[in-house]
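Below: one structure, written as structure tokens.
The values are calculated or read from the model by the stated rules, or taken from the named source; none is laboratory data. All of these numbers come straight from a predicted model, not from anything done at the bench. Ligands, DNA and RNA are excluded from the accessible area calculation, which covers all protein heavy atoms including side chains. Shrake-Rupley method; radii C 1.70, N 1.55, O 1.52, S 1.80 Å.
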Amino acid sequence: MNIHKSAEDYLEMILMLRENKGYARSIDIANGLAVSKPSVSFAMKKLRENGYILMDEENHITLTEKGQEIAQRMYERHRALTVFLVQLGVDEAIAREDACKIEHDISPETFEAIRRSIQHMM
């Protein structure tokens, strides 16, 4: 599945907003990602056209099965990488920021090795 890093970030943010607030709106996504409302509008249009999201009459955004799969994968990576970095002694705020950068580029094999090592550390 070939998707841009920014699209992965949008999908992950939608998932996080829905988990925390019960809904996701464009303004919430803009605030969460610190991007402009026009950027979010453009991204939502592309994500909708590519079958990753749906929008209802109240402009609440939901993930399709395809979008949910990507969002969950990115969110799982983000959480695991954050834990891993914190356990290495990295400040939590820095660990979260670095996890955002790493989560997109790390290979599945390396991520699995990190996940296994986290389980052994606990």
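Tabulated data
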{"read-out": "Relative frequency of Cα-Cα separations exceeding 12 Å in segment 82-122, percent", "value": "59"}
{"read-out": "Along each principal axis, Cα extent of segment 33-96, largest first, Å", "value": "45, 26, 19"}
{"read-out": "Cα-based equivalent ellipsoid of segment 7-122: semi-axis lengths in Å, sorted from largest, via gyration tensor", "value": "28, 15, 12"}
{"read-out": "Rounded percent of accessible protein surface that carbon and sulfur make up, segment 12-122, 1.4 Å probe", "value": "52"}
{"read-out": "Solvent-accessible heavy-atom area per residue, rounded to whole Å², over segment 56-122 at 1.4 Å", "value": "63"}
{"read-out": "Under 18 Å from Lys46, Cα to Cα: lysines that are on another chain or at least 8 residues apart", "value": "Lys5, Lys37, Lys66"}
{"read-out": "Per-residue [θ]222 nm for the chain (sum of -39500 (n - 2.57) over DSSP H runs n ≥ 4, rounded to 500)", "value": "-23000 deg cm²/dmol"}
{"read-out": "Cα Rg, Dmax (largest Cα-Cα span) when computed across segment 5-73, Å", "value": "10.4, 28"}
